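Contents: one structure, followed by commentary.
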Amino acid sequence: MRHLARLADYCSITNMHTKNLAIVWAPNLLRSKQIESACFSGTAAFMEVRIQSVVVEFILNHVDVLFSSKLSSVIRDGAGVS
């Protein structure tokens, strides 16, 4: 994710903003067996991919916070508390 966020830093050159990167990468990063099933309609599959891309875009826009060592230690310490 950090790599994709770094790629977004070069959007003025590549035109691959976080939204564009999310659209391209979301189906691979958040693969859904429901979408791949034959019974999933085209419209429903489109909506699912749209949700996936919004999630990936959010992650890319907040990669520094979500993947920071400080947040990891807070989660780790909080997980041990009962």
Report summary line: With x for Gly and Pro, the residue-by-residue ³J(HN,Hα) of segment 9-17, computed from phi through the Karplus equation 6.51 cos²θ - 1.76 cosθ + 1.60 at θ = phi - 60° and given in whole Hz, is 4, 9, 4, 5, 8, 9, 6, 9, 6
Query - With DNA, RNA and ligands ignored, accessible area of PHE67 (1.4 Å probe; Å², nearest 10) - result: 90 Å²
Requested in this report: Could you sort 50-56, 13-19 so that the peptide with the highest average Cβ count within 10 Å comes first and the rest follow in order?
Outcome: 50-56, 13-19
Report task. Provide the FRET efficiency to the nearest 0.05 for the ALA45-ASN15 pair, computing r from the beta carbons and using R0 = 30 Å. Result -> 0.70
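The values are calculated or read from the model by the stated rules, or taken from the named source; none is laboratory data. Because the structure is predicted, anything quoted here is derived from the model rather than measured. All Cβ positions, even for glycine, are placed from backbone atoms using ideal geometry, and neighbour counts span all protein chains on display. These accessible areas exclude ligands, DNA and RNA; they are computed on the full protein's heavy atoms, side chains included. Shrake-Rupley method; radii C 1.70, N 1.55, O 1.52, S 1.80 Å.
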